[in-house]
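Before any comments, here is the structure.
The values are calculated or read from the model by the stated rules, or taken from the named source; none is laboratory data. What you see is a predicted model, and the numbers here were worked out from it, not measured in a lab. Note: ideal-geometry Cβ built from the backbone for every residue, glycine included; neighbour counts use all protein chains shown.
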Amino acid sequence: MKVNTEELSSVERLLTVEIPAAEVKKTLDKIYKAIKRQAKIRGFRPGKAPRSVLEKYYGDRAASEAVESLIGDSYADALKEADVNPIAQPEFDFEPPEEGKDFIYKITLDILPEFELDPKEYKGLELKEPDMEVTDDIVNERLDSLRERQSVLIPLEEERPSATGDVVVVNYESYLEGEKVDGGQAENVEVELGKGSVQEEIEVALVKVKPGDIVEATVSYDENVSDPKLQGKDVVFKLFVKELKVKVLPELDDDFARSVSPEFENLETLKERIKTDLEDSYQDQKDSALRSQIMDQIRDLGEFDVPKSLVREEAGRMVESLKNQLRQSGMDPDKANLDHAKMVEDFSGSAENKVRSGIVLGKISDIEKVEVEDSDIDAEMEKLSRRIGQPAKAIKEMHIKNNMMDSLKARLTEEKTLQALKADAIIKKADPSELAKELEEKAKATQSANETDE
């Protein structure tokens, strides 16, 4: 076997592999021998058809199996001889093998770029962290939300007008320019006053009403309303008050905690779980904000070419992610006549930025000698256990069974590298909403720059 390596770019290689004709003959002979034992051809007893006849009926199959065998047996050795390690699925080019001729195939592959990086460039990054802390008030808000889920509505016994917090049961009709709106009627609609679940004009009209009352509310719709018939129009709602109800919440005690889940022995254990879950959620949000800033700041460190195959793969993942979001929102992307190739092209700029940042982060991991220890894996399994409610041991066994440990270690290596960068960074607290707006504006500016470059 001969291997010739051509450097197409700093990150792209073309390997030309030549396999001697004798090896091709040996492979084809073996394949046809197996075919001969199984072939059923009219006029010939099983196993007696001559090679020329087999080639006529099974030539394409034999060629396909020969390609698979010849490339499969030589590919790893070719990479070793060329001293290259592809970072994505290579592209193969070949003509069908023929007996008496060498089999030649070409491999186009991408490799990681080699570049220098001075630690001074990534140490001391200036970052902003959302100022988020779990307080007793926030825990109590979550408890109130849980109580809301278990609340019951009972008829209002005292004779008084409706007030904030009451639930008004109404039948209504809507009118546009004096005519009934098609589909604009409903019965037994429950409106909780002060909840903001309906238009403000309707809520205001339902304050201080009693059963049997009929009130009207005029709602002015802007141009953004989904129904084009209502855009920029005033709609009159006639509301017939059928009943007033009050919401009764369960007592905040140990029995309530056990009603949420049998795993909570008392109210205190429920509070502890809420606090832990909130702390994990807040930490995820902090990590996400810091990660976004770090990846943005390290993106342009080092000079290197970005492998095109990684950009294509990342753009493809972005497209699939968008399609999944559409499916979750109730839209079928397969029926939306989306141009997949055009979408991949549209995402290529963002994908290249993400790949470039990832390559720099990987280089920093190497420089800082970041390694994942068993304790890191165990800690991650415990975190997943709390999140999905399964034993950590079972989650680990599932990762091993499904060959997911390598990807897990890669993710943990990335996270540890980010933690190392944060440890050396200058971090200031920032208002969460203002920081989110700032990061969103930066993301839009980057996207706009990508589109301009394209």
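One residue stands out among those in the range 41-75 that are among the hydroxyl-bearing types (Ser, Thr, Tyr) and surrounded by 11 or more Cβ atoms within 10 Å (Cβ to Cβ): the one that is farthest from Val311 (Cα to Cα), which is Tyr57. Looking only at residues of the range 169-201 that are among the polar types (S, T, N, Q) and surrounded by 15 or more Cβ atoms within 10 Å (Cβ to Cβ), we find that the one that is farthest from Val236 (Cα to Cα) is Asn171.
If you go through the range 257-274 one residue at a time, how many are part of a helix (DSSP H, G or I) and either more than 26 Å from the chain's Cα centre (by Cα) or of a type in the set (Ser, Thr, Tyr) (or both)? Don't jump to the end; show me each part of the working.
Initially, the range 257-274 is screened for residues part of a helix (DSSP H, G or I), giving 257-260, 267-274.
If we keep only those that are either more than 26 Å from the chain's Cα centre (by Cα) or of a type in the set (Ser, Thr, Tyr) (or both) as well, we get 257-260, 267-273.
Residues flagged as part of a helix (DSSP H, G or I) and either more than 26 Å from the chain's Cα centre (by Cα) or of a type in the set (Ser, Thr, Tyr) (or both) within the range 257-274 amount to 11.
Would you confirm, using the coordinates I've provided, whether Glu352 is in contact with a helix residue (DSSP H, G or I) (Cβ under 8 Å, 6 or more places away or on another chain), among the acidic types (Asp, Glu) and not in a helix (DSSP H, G or I)? I'd like the intermediate steps shown before the answer.
Working: in contact with a helix residue (DSSP H, G or I) (Cβ under 8 Å, 6 or more places away or on another chain): yes; among the acidic types (Asp, Glu): yes; not in a helix (DSSP H, G or I): no.
Here the answer is no, as Glu352 does not meet what is asked.
In the range 71-154, counting only strands (runs of 3 or more DSSP E) that sit wholly within it, none holds 3 or more residues that are assigned by TED's automatic domain parsing to the domain that holds Pro307, of a type in the set (Gly, Ala, Ser) and under 30 Å from Leu435 (Cβ atoms). Flag set for Lys393, criterion: part of a helix (DSSP H, G or I) and free of Cβ contacts under 8 Å to residues at least 40 places away in the same chain. Per the conditions (1) modelled with pLDDT under 95; (2) surrounded by 13 or more Cβ atoms within 10 Å (Cβ to Cβ), the sole criterion not satisfied by Thr417 is (1). Which of (1) part of a helix (DSSP H, G or I); (2) touching a residue at least 40 places away in the same chain (Cβ under 8 Å); (3) among the hydrophobic types (A, V, I, L, M, F, W, C) is the odd one out, the single condition Ala341 does not satisfy? The number of the failed condition is (2).
Residues that are in contact (Cβ under 8 Å) with a residue 24 or more places away in the chain and out of contact with any helix residue (DSSP H, G or I) (no Cβ under 7 Å at 6 or more places or on another chain) were ranked within the range 148-159; the one that is nearest to Lys271 (Cα to Cα) is Glu148.
So which residues in the range 76-98 are over 23 Å from Arg312 (Cα atoms) and surrounded by 15 or more Cβ atoms within 10 Å (Cβ to Cβ)? Once the filter is applied, which keeps residues that are over 23 Å from Arg312 (Cα atoms) and surrounded by 15 or more Cβ atoms within 10 Å (Cβ to Cβ), the range 76-98 yields Ala78, Glu81, Ala82, Pro97. Selection over the range 33-43 of residues that are touching a helix residue (DSSP H, G or I) at 6+ places or on another chain (Cβ under 7 Å) and more than 19 Å from Glu99 (Cα to Cα) gives a count of 2.
Here Pro130 meets each of (1) touching a Pro at 6+ places or on another chain (Cβ under 6 Å); (2) closer than 30 Å to Thr5 by Cα with one exception, condition (2).
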